[in-house]
1. Tell me, which residue of region 191-208 that is part of a loop (DSSP other than H, G, I, E, B) and in contact (Cβ under 8 Å) with a residue 24 or more places away in the chain is surrounded by the most Cβ atoms within 10 Å (Cβ to Cβ)?
2. Is it the case that region 84-98 has a residue that's over 30 Å from residue 192 (Cβ atoms), under 34 Å from the mean Cα position of the chain (by Cα) and modelled with pLDDT of 95 or more?
3. When you look at residue 66, is it in a helix (DSSP H, G or I) and farther than 19 Å from residue 16 by Cβ, yes or no?
4. Just a yes or no: is a residue in region 147-155 in a loop (DSSP other than H, G, I, E, B), out of contact with any helix residue (DSSP H, G or I) (no Cβ under 8 Å at 6 or more places or on another chain), within 24 Å of residue 211 (Cα to Cα) and modelled with pLDDT of 85 or more?
5. Can residue 71 be described as part of a helix (DSSP H, G or I) and out of contact with any strand residue (DSSP E or B) (no Cβ under 9 Å at 6 or more places or on another chain)?
6. It is to be established whether one or more residues within region 102-119 are surrounded by 10 or more Cβ atoms within 10 Å (Cβ to Cβ), more than 21 Å from residue 194 (Cβ to Cβ) and modelled with pLDDT under 95.
7. Any chance you could count how many residues in region 1-53 are over 22 Å from residue 68 (Cα atoms), more than 41 Å from the chain's Cα centre (by Cα) and surrounded by 12 or more Cβ atoms within 10 Å (Cβ to Cβ)?
8. Go over the candidates 151, 167 one by one and state the one that is under 27 Å from the mean Cα position of the chain (by Cα) and more than 29 Å from residue 103 (Cβ to Cβ).
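The values are calculated or read from the model by the stated rules, or taken from the named source; none is laboratory data. Since this is a predicted model, take the numbers as computed values, not measurements. Counting neighbours? That spans all protein chains shown, and the Cβs are built from the backbone with ideal geometry, glycine included.
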């Protein structure tokens with residue numbers, strides 16, 4: 001039999017870890033001296049501890065390991081397979097985040113866009129006569145739509161206008177604190193879309209929001225496919 005310090009050294013863990021395992025019921029000592037409070041461990045506890053550490057190395061969290069220590073091997077393999085799927089998903093997300101950071105450092109954008117799902121909307125709009133986005137400056141203080149995936153056209157929200165229905169759509173979104181820099185931000189959104197191999201799939205939406213205190217923000221949504 002070994003005291004807690006000896007087992008910790010043998011297994012390469014801390015005494016604090018072993019005490020935590022005892023408190024949570026993951027690894028109880030073989031005996032406890034009621035006079036001194038010393039914990040005593042034997043070969044069975046060493047084997048159980050090695051099993052715990054092995055499952056940890058396979059990516060399993062302690063809350064799952066507790067249910068697997070005495071489980072059939074088939075159940076353990078299933079849990080490891082599920083953990084592997086999660087780890088792969090986490091790795092893919094981290095890889096994508098690293099790529100975003102690299103792009104930002106190599107060619108900084110004025111905005112850091114994010115993918116989002118835009119809900120369906122029904123708008124009343126009035127078509128504008130314009131041949132280029134630059135001609136729209138100052139024409140919108142509410143909601144502006146521009147079609148850039150074909151012949152250029154634009155429309156603004158107008159309660160007396162025609163009905164336009166926007167379906168649920170995947171968009172690339174940026175939120176600006178002021179209307180200044182909207183044109184540059186729009187260019188940056190298209191740059192981001194190109195970097196990610198996406199295509200524009202409908203009218204871009206520029207929406208100016210003002211709250212009761214006078215706070216202002218501009219939301220830019222470009223639908224993608």
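1. Of all residues in region 191-208, those part of a loop (DSSP other than H, G, I, E, B) come to 196-199, 201-203.
Applying the additional criterion that residues be in contact (Cβ under 8 Å) with a residue 24 or more places away in the chain yields 198-199, 201-203.
Working: 198: 17, 199: 10, 201: 13, 202: 20, 203: 22.
It comes out as 203.
2. The first filter runs over region 84-98 and keeps only residues over 30 Å from residue 192 (Cβ atoms), leaving 84.
Next cut, under 34 Å from the mean Cα position of the chain (by Cα) only: 84.
Subsequent filtering for residues that are modelled with pLDDT of 95 or more retains 84.
The answer is yes; a qualifying residue exists.
3. Values: in a helix (DSSP H, G or I): yes; farther than 19 Å from residue 16 by Cβ: no.
No.
4. No.
5. Working: part of a helix (DSSP H, G or I): no; out of contact with any strand residue (DSSP E or B) (no Cβ under 9 Å at 6 or more places or on another chain): yes.
Judged against the criteria, residue 71 is not a match.
6. Within region 102-119, none of the residues are surrounded by 10 or more Cβ atoms within 10 Å (Cβ to Cβ), more than 21 Å from residue 194 (Cβ to Cβ) and modelled with pLDDT under 95.
7. Here the count works out to 11.
8. Exactly one residue qualifies, and that residue is 167.
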